[in-house]
Each structure stands twice: as structure tokens, then as C-alpha cells.
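Asker: Below you will find the structure I want to go over with you.
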There are 2 protein chains.
Amino acid sequence: MTEATLSIGQVAERTGMSVHALRLYERRGLLASEIRRDAAGRRLYTGGDVEWLTNCVRFRASGMSLETIGRLAELVRQGTGNEAERLELLREHQRRINEQLDQLRACLDIIDAKVSGYERHLAYGVTGDPWQSHVPA
Amino acid sequence: MTEATLSIGQVAERTGMSVHALRLYERRGLLASEIRRDAAGRRLYTGGDVEWLTNCVRFRASGMSLETIGRLAELVRQGTGNEAERLELLREHQRRINEQLDQLRACLDIIDAKVSGYERHLAYGVTGDPWQSHVPA
DNA sequence: CTAGATGCTAGATCTGGGTCTAGGTCAACA
DNA sequence: TGTTGACCTAGACCCAGATCTAGCATCTAG
């Protein structure tokens, strides 16, 4: 079963990446498997490639650097035998995501407080600057 | 009561910013109030400045751009009367933080799944690559 | 009195992650 | 047949945000 393939443009469409970025990622070795080419040298992406890239997009959105993605890609390219390393890398990122969640929640608390401060301020015409004065909000 | 002031180095220490960044923020107009100087031209930060900067650090960590911080700073500098605008700006950021939280959680789910996939893999010597093969993980 | 921190300004440099350009190949369709 | 549109490579460019440099001034402790 010759797997159906996609052109770079189609992959861009379904991953949300630009074709430029797709080529960049390939040049930088961020792909888990080599991309085949057609007779004219055009890239042929498989479903697996798209899946990998979709994960890359998520990883990026959660702050993983291209360098780290590259390390992970290399481990996957090497094949089985380095699962412990992959796990370590993933656990590290897991940790970083949790840190980010904490930070975001902390910031959100502050903003929520300021937002309701301003809402009160606007609703009741409270005097004074809810930011400048040390009134909470 | 002449408020106690801090040097730029001290502010760097307690906000976690570098002195370079502190000067940069000032040049870019990201501060809510003008920083006084001593006779020799050295900056004298007040507690309020440190508080503002601490919020800046949080805002940055949650993805607010320097430009947006600058807009907020300007509104605060202008004094009361533009609370509605400030509120709008804060609400917008609130929205963006919530989006980020969603994305992070989504990514975390994927990573969690992969992590436990690899853990199972390592614990039971399951064969096959939990990444390559379409085995969950 | 002098060394060593610490501060100042203006402007240069770096980094990460993309995006864009030039110049060219190829396929399909009117 | 010839133009249109998607693709190719290599390398230039961009942007935000920070960091560093040069050259100088000012304190403070020994």
C-alpha cells in the first residue's frame, strides 16, 4: 500500500505552518524521518510526517525550542533503544509546561483582580486611580 | 515622608530583570511614572516603580509585548479618565492568557500520554517504537 | 589617594524563529 | 504554445527583546 502523500503546500495548510517554515524545519533536521521527493525534486509528505509536524506546532506553542525539537527528532530517527532519553526530554518539557501554567495562572489572578477593580471603578464612579493608589485592583 | 528609594542594581535584584533591561524599559517609555535621579544622575526607584516593574515581569512572562506594556504605561501616566481603555487592554490580555492556558493544557495532555507510553514501554519491554508505530503514547 | 564597584549614555551586537527574494524547474490547461 | 501556479535552493532580511561595549563619572573603603 503506497501511502498517500501530500505536497508541501497541502502540509502547510493542514499544520498551519508556512511552506517556508516547513523547509526550514527540514534543513534544521527537525523531522523524524526523511521526506521523500518526486521525480522533479518536490517533497512528498506522509501522514506520519504531518502528525509529527502537528506535534511540533504544539510543542512550539508550549515553548519548546527548535533545538530541543531537533534533539527529539534525532532520537526518534535513531530508532528504538533510546527510549529513556526521549522520556527524559519529554519529562523535562512536561515540567516546563507546568511551570508556565503556574506563571500564567499567577498572572491571570493579578489581571482578574485589576479587571474587577476597574469594573467596580467604572460602575460606581469610585474616585482615585485603582492602579496608582494602593487600592487592591 | 521621603519615600525610600532603590538603585538600579537593587531593583534588578528584586525584580529579576537586568540593569540593561531596566534602562531599556525606561527608554522605551514602559514605566508608569518618571524615575527620579540623584545629584549625580543615578536613577532612584520607588516602591511603586518596583511594583510596576514586577507586574511588567509577570506580563512579559505571560506574553504581553513591550508595545502593549507601553500602551498601558501611557494610560496610567495620563492619570484618571481613561479607565475604560485600561480595562479593555487588560481584558484583551486576559483573553490571550486563557488561550495560552488552553494550548498548554492541550500540549500537556499529549506529552502526558507520550510519557506514560514510554514508561510502559520501558517497564514492560514492549516492543516497537511508541512514537513511530501508531501505538498511542 | 587610589582601586574597585556601580552608575551613566549612545549605540552596536546577538539570538531565535521566521519570512522573503532571486532565479530557476516543471506540469497543466486554454 | 505559452502563461500560470506550485515548487525548488541558497541566502538575505526582519523583528522583538535583550545584552554588551566604549568611554566616562561618581562613590566608598582601605
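The values are calculated or read from the model by the stated rules, or taken from the named source; none is laboratory data. Predicted, not measured: the structure shown is a model, and the values here were computed from it. Neighbour counts are summed over all protein chains in view; Cβ atoms, including those assigned to glycine, are modelled from backbone coordinates with ideal geometry. What goes into the accessible areas is simple: the full protein's heavy atoms, side chains included, and nothing from ligands, DNA or RNA. Shrake-Rupley method; radii C 1.70, N 1.55, O 1.52, S 1.80 Å.
Asker: Considering only residues that are farther than 20 Å from A:L75 by Cα and within 10 Å of DNA strand D (Cβ to nearest atom), which ones fall in region A:32-44?
Answerer: Selection gives A:R37, A:D38, A:A40, A:G41, A:R42, A:R43, A:L44.
Asker: Would you confirm whether any residue within region B:55-65 is away from DNA strand C (no atom under 16 Å from the Cβ), open to solvent by 10 Å² or more (accessible area, probe 1.4 Å), within 20 Å of A:V126 (Cβ to Cβ) and hydrophobic (A, V, I, L, M, F, W, C)?
Answerer: no
Asker: Sticking with this one: Would you mind stating whether B:A84 is of a type in the set (G, A, S), surrounded by fewer than 16 Cβ atoms within 10 Å (Cβ to Cβ) and closer than 17 Å to A:V115 by Cβ? Lay out the reasoning, then the answer.
Answerer: Numbers: of a type in the set (G, A, S): yes; surrounded by fewer than 16 Cβ atoms within 10 Å (Cβ to Cβ): yes; closer than 17 Å to A:V115 by Cβ: yes.
Taking the combined requirement at face value, the residue satisfies it.
Asker: Further question: Would you check which residues across region B:44-53 are open to solvent by less than 50 Å² (accessible area, probe 1.4 Å) and not aromatic (F, W, Y) and list them?
Answerer: Of all residues in region B:44-53, those open to solvent by less than 50 Å² (accessible area, probe 1.4 Å) come to B:44-50, B:52-53.
If the condition is that a residue be open to solvent by less than 50 Å² (accessible area, probe 1.4 Å) and not aromatic (F, W, Y), then B:L44, B:T46, B:G47, B:G48, B:D49, B:V50, B:L53 are the ones that fit.
Asker: In this structure, does B:Q10 turn out to be modelled with pLDDT of 95 or more, within 20 Å of the chain's Cα centre (by Cα), facing chain A (nearest Cβ under 7 Å) and open to solvent by 50 Å² or more (accessible area, probe 1.4 Å)? Spell out the reasoning first.
Answerer: Working: modelled with pLDDT of 95 or more: yes; within 20 Å of the chain's Cα centre (by Cα): yes; facing chain A (nearest Cβ under 7 Å): no; open to solvent by 50 Å² or more (accessible area, probe 1.4 Å): yes.
So B:Q10 fails the test.
Asker: What's the number of the condition A:G29 fails, among (1) within 16 Å of DNA strand C (Cβ to nearest atom); (2) on the phi < 0 side of the Ramachandran plot?
Answerer: All conditions pass for A:G29, except number (2).
Asker: Among the residues of region B:18-44, count how many are touching a residue at least 12 places away in the same chain (Cβ under 8 Å) and under 24 Å from B:L89 (Cβ atoms). Lay out the reasoning, then the answer.
Answerer: Going through region B:18-44, the residues touching a residue at least 12 places away in the same chain (Cβ under 8 Å) turn out to be B:22-23, B:25-26, B:28-33, B:35-36, B:42-44.
After this cut, where a residue has to be under 24 Å from B:L89 (Cβ atoms) as well, the list is B:22, B:25-26, B:28-33, B:35.
So the count comes out to 10.
Asker: Which ranges mark the helices (runs of 4 or more DSSP H) fully within region B:35-124 that have 1 or more residues being closer than 30 Å to A:E85 by Cα and at the interface with another protein chain (Cβ under 9 Å from one of its Cβ atoms)?
Answerer: Numbers: elements: B:47-61, B:66-78, B:83-124.
By residue number, B:47-61, B:83-124.
Asker: Another question about this same structure. Out of region A:71-112, which residues are touching a Lys or Arg at 6+ places or on another chain (Cβ under 8 Å) and over 24 Å from B:L122 (Cα atoms)?
Answerer: Correct list: A:L101, A:Q103, A:A106, A:C107, A:I110.
Asker: Hey, can you tell me all the residues within region B:1-16 that are within 12 Å of DNA strand C (Cβ to nearest atom) and in a loop (DSSP other than H, G, I, E, B)?
Answerer: B:T5, B:S7
Asker: Looking at region A:21-32, which of its residues are in a loop (DSSP other than H, G, I, E, B) and open to solvent by 50 Å² or more (accessible area, probe 1.4 Å)?
Answerer: To start, the set of residues in region A:21-32 that are in a loop (DSSP other than H, G, I, E, B) comprises A:28-32.
The answer is A:R28, and nothing else.
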